[in-house]
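Before any comments, here is the structure.
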Protein chains: 2
Amino acid sequence: MKRATIGDVAAHAGVSTATVSRVLNGGAVTATTAAKVWSAVAALEYSPNALTKSIFAGRSRTIGVVIRDLSSPFYLDLIRGIDEVATADDSLVMFANTFRDADREVAHVRTMDEHRVRGLIMTTGESADGRTRRMAESGVPCVIVARTVPDAPPGLHSISLNNIEAGRLMAAHLAACGRSAVGVVTSGRRPSQVERTLGLRLALAERGLPLPPEAVAVAESETGVGAAIDALFARAHERQAPVDAIVCATGRLTVAVHSALTARGLTVPDDIAFLTMDDFPWATALGITVVAQPSYEMGREAAKLVVEQPDESVALVFEPTLVPRTSCGER
Amino acid sequence: MKRATIGDVAAHAGVSTATVSRVLNGGAVTATTAAKVWSAVAALEYSPNALTKSIFAGRSRTIGVVIRDLSSPFYLDLIRGIDEVATADDSLVMFANTFRDADREVAHVRTMDEHRVRGLIMTTGESADGRTRRMAESGVPCVIVARTVPDAPPGLHSISLNNIEAGRLMAAHLAACGRSAVGVVTSGRRPSQVERTLGLRLALAERGLPLPPEAVAVAESETGVGAAIDALFARAHERQAPVDAIVCATGRLTVAVHSALTARGLTVPDDIAFLTMDDFPWATALGITVVAQPSYEMGREAAKLVVEQPDESVALVFEPTLVPRTSCGER
DNA sequence: TTGAAAGCGCTAACAC
DNA sequence: GTGTTAGCGCTTTCAA
C-alpha cells in the first residue's frame, strides 16, 4: 500500500497542499479547515516525509556520530549524553562504528556529510580531518572527541580530557599508596594516551620516582596485552627493578590488563597495584581504582556544540577525577 | 560558503545535470565527459545530497534502531552486529534510546518513520505496535527484538531467545552444582523474563525442586534490587527455606544483584550461588557463570531481515548457551 | 551519448 | 484564510 502524500491529504480534505502544510506546521487557519485536514491525515494515516522537509531547510535534524570502538564504556556514556541532548532538540542520532579502520572512518564521515547531518561528533584519527574542516567551514559544526585540533576553523570544536592531569592524579595516588616502581600499558600513539603517560612521568619525577621508557609497554589490542606485560616484566627483571604497580592508560584495555595480571598469578593489590582509566559499572565490585572522565557530560556538551552552533572554535577540556577503591592497596 | 549542487557541477563541466547524474551513478557516458564531470566535482568539492536521492527511491538508506536501554551489554553487541551489516549494505544506523519510557518509544518510532528508514529494529514495549504494523504493511521491514509478535503481518519480524530453554539451562546447571533452593530476581513483566522464570520453574520441578512465587523478587530498576533481595531472604526465612542460589533473570541487573549479595556479606559461591543472563567482558575475571545469548549474531540477523526483505513474517529464535565458571560452586 | 523537461514531496512567496 | 505558483536538489523518461 502506497504512502499518502501531502497532495493526497489535500485532495481528501478538499483544500490545497499549502493549507495542509500550514495546518501541520502551525500557520494561520480556520478551526474548521484544520479539523478537515486532521481528519484526512488520520484517515490516510499520513506521515510527513522528514527527508523532503530537510531539503528545504538545507539540513536534516540529525546528528552524526562516528565512533572508533563502541565497546569502550566511555563511548557508551558519551552516546547516551549525545542522544539525550539530540532528543531534547528534536533530533535523531546517526551512528556508525569504524572498528578503528581509517578507510571506514573516511567513508562514514563522507556518508554522514552526504546525509546532510546538522553536525558531526566523532572520535576518529586524522584521516578524515580534511573533510571535517570543509564541513565546519560550510556551516556544519563538527566536534572532535578525545583529541584537540590545531588551527581549528570556526565550527570545528574539540572535547577532551585534561590528560596530563589524569596522569598526575595517577602518580600522586600511587605514591600516596607507597608504590615506587610503576609500569604502564598503553594501546599506542593516540595523543590522549601519550599525554597521560607524560603526566604520569612528570608527576612521578617530581617525587623522585622514575618511569623509564622500558617501563612502558604497548599493546595494540586486547590480544597483545599478555605479551606486552610479559615483556615489561622481563625488562624490569633485567634491570633488577621489579614493578609494584601497573597503570593501564586506556579504558579499552582494562579487562585485558587486569586478566593478564591475575592470569600470571599476581594478586591485586598485594603483589601489584592496578590503576586504570575510565570508570565502569563493575569497578566497585572489583575494587578497581580508576581515573574517571565525565563521559556522559562530555557527550551532552558535544551535542550542545552542535545544537547551539557557537561562532568561534571552542575547545572544551574536562577535568578527570580519581575514584579510589582498593586496587592500589589504599588504606 | 554555499554547497555546490548538481547544477553547479553541470555548469562548471559544461554539460547537463542529467549527464552529471549519469556519471555519478554509472550510466552510459564518454570517457571525456566523465573526466570533465569528475574534475568539476573535485573543483567544487561536490557532495551529492543523499536526502534528495532518497526522495526518489522513496526510502533512505538508513536502518532505524530504537533501544530501551543502551547500558545493557546485550544491546551494545546487538548494535555492533546491526552496524556491521548496515555498513556492508551501504547503509547508516539511526539510533535512539527510549530510557524505558513509552512516550519516547512512540515518538522515536514515529520520527524514524518520518525519516523514511528502510527498516526498523527495536526492543520496545507494545506501545508502538500499531505504527509498527502499519509500517511493515507499507513495505518497511520491522524487527522486534526480545519479544515475539502475535499475528505478525508480512514484513513484521521478531528475533528472540529461547527463553524457556535459558531457564532450563539454569535449572540443570544449578541442580548439577548441588543447589536446591533457588531464588530469582527479575526486573518485571517483560515476556522474556517471565519465560525464563517459567523455564527455570519447569525444569526445577522435573527434578523435584520447588520455585514458589515467594522465591521470585521483582526489582524495577537497579535501585530497587537491594530491597527486593531483602524481601526475598525475609520470606525464605519465614518459610524456613533458606535460599542457596540466586538467579538474575536479566543482564541489566547483574551488577546490582551481585553487589547486593556481596554487600550483605554473602560470599559467592560458598554462601550462595549466583547465575545470571548475558555474557559480559568482566564475567571471566569475576568467575560469574552466565547463560549467554548470541547478541552480535542476533544483531546481524536482525539487520539482514531489513536488508533482505523476506516476503513472509519470520520469527527467529536463538538458542542460549550456558557458560560455566565458578559462581555456582562448579567443580 | 547527451539534453530538455517533468516530477519526487514538500515549503514559501505572492496573490486573492 | 486560502489557493496558485515556483522551486529545493536530484533522477528519469523521452527525444534528438
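Scan B:Ser47, B:Ser39 and give me the residue that is within 9 Å of another protein chain (Cβ to nearest Cβ) and closer than 30 Å to A:Pro153 by Cβ.
It is B:Ser47.
Determine which single condition A:Val23 fails, assuming it passes every other condition in (1) at pLDDT 95 or above; (2) of a type in the set (A, V, I, L, M); (3) under 25 Å from B:Thr98 (Cβ atoms).
Of (1) at pLDDT 95 or above; (2) of a type in the set (A, V, I, L, M); (3) under 25 Å from B:Thr98 (Cβ atoms), only one is false for A:Val23: (3).
Pull up the range B:253-278, narrow it to residues that are of a type in the set (D, E, K, R) and surrounded by fewer than 22 Cβ atoms within 10 Å (Cβ to Cβ), then point me to the one that is nearest to the other protein chains (Cβ to nearest Cβ).
Start the filter on the range B:253-278 by keeping residues that are of a type in the set (D, E, K, R), which leaves B:264, B:270-271, B:278.
Those still in the list that are surrounded by fewer than 22 Cβ atoms within 10 Å (Cβ to Cβ) too: B:264, B:270-271.
Details: B:Arg264: 13, B:Asp270: 17, B:Asp271: 16 Å.
Among them, the one singled out is B:Arg264.
To keep it simple, each residue is scored yes or no on (1) surrounded by fewer than 22 Cβ atoms within 10 Å (Cβ to Cβ); (2) within 16 Å of B:Val307 (Cα to Cα); (3) at pLDDT 95 or above.
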{"site": "B:His115", "(1), (2), (3)": "no, no, yes"}
{"site": "B:Met122", "(1), (2), (3)": "no, yes, yes"}
{"site": "B:Ser158", "(1), (2), (3)": "yes, yes, yes"}
{"site": "B:Ala172", "(1), (2), (3)": "yes, no, yes"}
{"site": "B:Ala175", "(1), (2), (3)": "yes, no, yes"}
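Within the range A:189-204, can one find any residue that is among the basic types (Lys, Arg) and at pLDDT below 95?
yes
Are any residues in the range A:1-55 in contact (Cβ under 8 Å) with a residue 12 or more places away in the chain, surrounded by fewer than 18 Cβ atoms within 10 Å (Cβ to Cβ) and more than 8 Å from DNA strand C (Cβ to nearest atom), and if so, which ones?
The answer is A:Gly14, A:Thr33, A:Trp38, A:Ser39, A:Ala43, A:Leu44, A:Glu45.
May I ask you to list the residues in the range A:258-306 that are farther than 26 Å from A:Val145 by Cβ, out of contact with any Ser or Thr (no Cβ under 7 Å at 6 or more places or on another chain) and not in a helix (DSSP H, G or I)?
A:Arg264, A:Gly265, A:Leu266, A:Thr267, A:Asp270, A:Asp271, A:Ile272
Restricted to the range A:85-99, and to residues that are out of contact with any strand residue (DSSP E or B) (no Cβ under 8 Å at 6 or more places or on another chain) and facing chain B (nearest Cβ under 9 Å), which residue is modelled with the lowest pLDDT? Write out each step before concluding.
To start, the set of residues in the range A:85-99 that are out of contact with any strand residue (DSSP E or B) (no Cβ under 8 Å at 6 or more places or on another chain) comprises A:85, A:88-90, A:99.
Still in the list and also facing chain B (nearest Cβ under 9 Å): A:90, A:99.
On the way: A:Asp90: 93, A:Phe99: 85.
Filtering the range A:85-99 for residues that are out of contact with any strand residue (DSSP E or B) (no Cβ under 8 Å at 6 or more places or on another chain) and facing chain B (nearest Cβ under 9 Å), the one modelled with the lowest pLDDT comes out as A:Phe99.
Being polar (S, T, N, Q), over 12 Å from the mean Cα position of the chain (by Cα) and either more than 7 Å from chain B (Cβ to nearest Cβ) or closer than 30 Å to A:Leu253 by Cα (or both): is that true of A:Ser60 here? Lay out the reasoning, then the answer.
Details: polar (S, T, N, Q): yes; over 12 Å from the mean Cα position of the chain (by Cα): yes; either more than 7 Å from chain B (Cβ to nearest Cβ) or closer than 30 Å to A:Leu253 by Cα (or both): no.
So A:Ser60 does not fit the description; no.
Take the residues in the range A:305-322 that are more than 16 Å from A:Arg133 (Cα to Cα) and surrounded by 14 or more Cβ atoms within 10 Å (Cβ to Cβ), then tell me which one is farthest from the chain's Cα centre (by Cα). Lay out the reasoning, then the answer.
The initial filter retains those residues of the range A:305-322 that are more than 16 Å from A:Arg133 (Cα to Cα), namely A:307-308, A:316-322.
Among the residues that remain, those that are also surrounded by 14 or more Cβ atoms within 10 Å (Cβ to Cβ) are: A:307, A:316, A:318, A:320-322.
Values: A:Val307: 17, A:Leu316: 13, A:Phe318: 13, A:Pro320: 15, A:Thr321: 17, A:Leu322: 19 Å.
That would be A:Leu322.
Take the residues of the range A:307-331 that are outside any loop (DSSP other than H, G, I, E, B) and not charged (D, E, K, R): which is nearest to A:Val268 (Cα to Cα)?
Taking the range A:307-331 and keeping what is outside any loop (DSSP other than H, G, I, E, B), we get A:307-308, A:315-318, A:321-323.
Of the ones still in play, those that are also not charged (D, E, K, R) are A:307, A:315-318, A:321-323.
Numbers: A:Val307: 45, A:Ala315: 38, A:Leu316: 35, A:Val317: 32, A:Phe318: 30, A:Thr321: 21, A:Leu322: 18, A:Val323: 17 Å.
That would be A:Val323.
Keeping to the range A:260-270, report how many residues are touching a residue at least 12 places away in the same chain (Cβ under 8 Å) and under 20 Å from A:Thr284 (Cβ atoms). Full working, then the answer.
First, pick out the residues of the range A:260-270 that are touching a residue at least 12 places away in the same chain (Cβ under 8 Å): A:260-261, A:263-264, A:268-270.
This time we only want the ones that are under 20 Å from A:Thr284 (Cβ atoms), so: A:261, A:268-270.
Adding up the residues that qualify gives 4.
Just the residues that are more than 13 Å from every other protein chain (Cβ to nearest Cβ) and touching a Leu at 6+ places or on another chain (Cβ under 8 Å), please, taken from the range A:1-36.
Those that are more than 13 Å from every other protein chain (Cβ to nearest Cβ) and touching a Leu at 6+ places or on another chain (Cβ under 8 Å): A:Asp8, A:Val9, A:His12.
Can A:Gly155 be described as at positive phi and in contact with a Pro (Cβ under 6 Å, 6 or more places away or on another chain)?
Working: at positive phi: yes; in contact with a Pro (Cβ under 6 Å, 6 or more places away or on another chain): yes.
Yes, satisfied.
State all residues of the range B:287-325 that are at pLDDT below 95 and within 14 Å of chain A (Cβ to nearest Cβ); if no residue qualifies, say none.
To start, the set of residues in the range B:287-325 that are at pLDDT below 95 comprises B:311.
Within the range B:287-325, none qualify.
Tell me yes or no: at least one residue of the range B:114-132 is within 7 Å of chain A (Cβ to nearest Cβ), in a helix (DSSP H, G or I) and out of contact with any Lys or Arg (no Cβ under 9 Å at 6 or more places or on another chain).
no
The values are calculated or read from the model by the stated rules, or taken from the named source; none is laboratory data. The shown structure was predicted, so the numbers you read here are calculated from the model rather than taken from an experiment. In this analysis, Cβ positions are derived from the backbone assuming ideal geometry, glycine residues included, and neighbour counts consider all displayed protein chains.
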